[in-house]
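Comments concern the structure below.
The values are calculated or read from the model by the stated rules, or taken from the named source; none is laboratory data. Values in this document were obtained by computation on a predicted structure and should not be read as measured data. Reconstructed Cβ throughout: ideal geometry from the backbone, glycine too, with neighbour counts over all protein chains shown. Surface accessibility is based on the protein's heavy atoms, side chains included, excluding ligands, DNA and RNA. Shrake-Rupley method; radii C 1.70, N 1.55, O 1.52, S 1.80 Å.
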Amino acid sequence: MTVRTLPPRTILGHLYTIFLFTRADIRTVMIPTTLFAIAAAPLSSPLQLFDTFFWIWLHTLQFNTANQIKSPEEDKINKPFRPIPSGRITVEAATILRWALVPICLAYSALYSAELTWVSLTMSLFVAWYHEHDGDQEWLSKNVLTAVIYGCVDLGGTLVAGRCPCPLCHLHVSHDIIYQGAIIANSARQDGSLWSWWWQCLRQLSTPKTSRISQEINLLEGRRSPSFIQSRPVSRWD
């Protein structure tokens with residue numbers, strides 16, 4: 001018995017049915033997004049690669065499930081391998097799965113940080129706008145919502161990849177993202193060219209955050225390293 005013929009009522013069959021919702025997006029969405037996340041974070045641990053990919057896959061599953069329950073008749077012609085047109089799951093059961101994934105994604109994100117939970121919630125709201133409230137019917141709303149949803153997946157994957165077990169590192173993940181964003185915005189304001197803005201994004205997102213974390217550790221332990229002395233804010237009381 002091959003994977004393609006797994007009975008849908010077995011445990012492996014159910015897992016394969018869920019996999020079919022996202023099969024077409026593994027190479028086009030999940031792998032590129034995971035690579036972006038580990039390049040932007042960077043990875044605090046090699047094990048975070050699996051956590052990052054799973055978070056991205058779980059939220060892609062939420063989007064795809066909502067998408068595929070909306071047009072099953074169209075999928076019968078264009079993509080018959082999907083689980084609904086192939087008869088592996090009914091529209092009613094897929095609808096239950098679609099809404100069950102919302103709290104599942106939120107609960108899984110809450111295991112990491114409050115910031116990641118907000119990202120997951122934001123994405124879920126925009127996915128509902130896109131599918132259940134016909135945001136995909138107009139070209140403008142469709143493109144804007146698609147960009148926002150993909151942005152949430154990119155940001156969430158980056159937050160997962162950059163999460164460090166060290167409490168001090170975890171404390172400064174969101175601070176570092178805000179710091180990098182401020183530098184990008186300031187550069188874009190000074191130079192309005194689109195090329196400069198993209199270059200600043202790539203350059204800032206690829207800058208490791210370890211030096212800033214090391215400075216905070218030096219501060220707590222009373223060490224005065226050159227990087228700490230240079231970056232310490234000057235107070236009028238010094």
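Here are the numbers for the structure shown:
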quantity	calculated
Directionally averaged shadow of the range 2-122, computed from the convex hull of its alpha-carbon atoms, nm²	8.4
The range 59-133 - Kirkwood radius from inverse mean 1/r over Cα pairs (Å)	13.0
Debye log10 I(q)/I(0) at q = 0.15, 0.18, 0.25 Å⁻¹ for the range 103-156, Cα point scatterers	-0.42, -0.56, -0.88
Carbon + sulfur, % of accessible area of the range 10-133 - ligands and nucleic acids excluded, 1.4 Å	72
Net dipole in debye of the range 1-156 [+1 Lys, Arg Cβ; -1 Asp, Glu Cβ; about Cα centre; nearest 20]	620
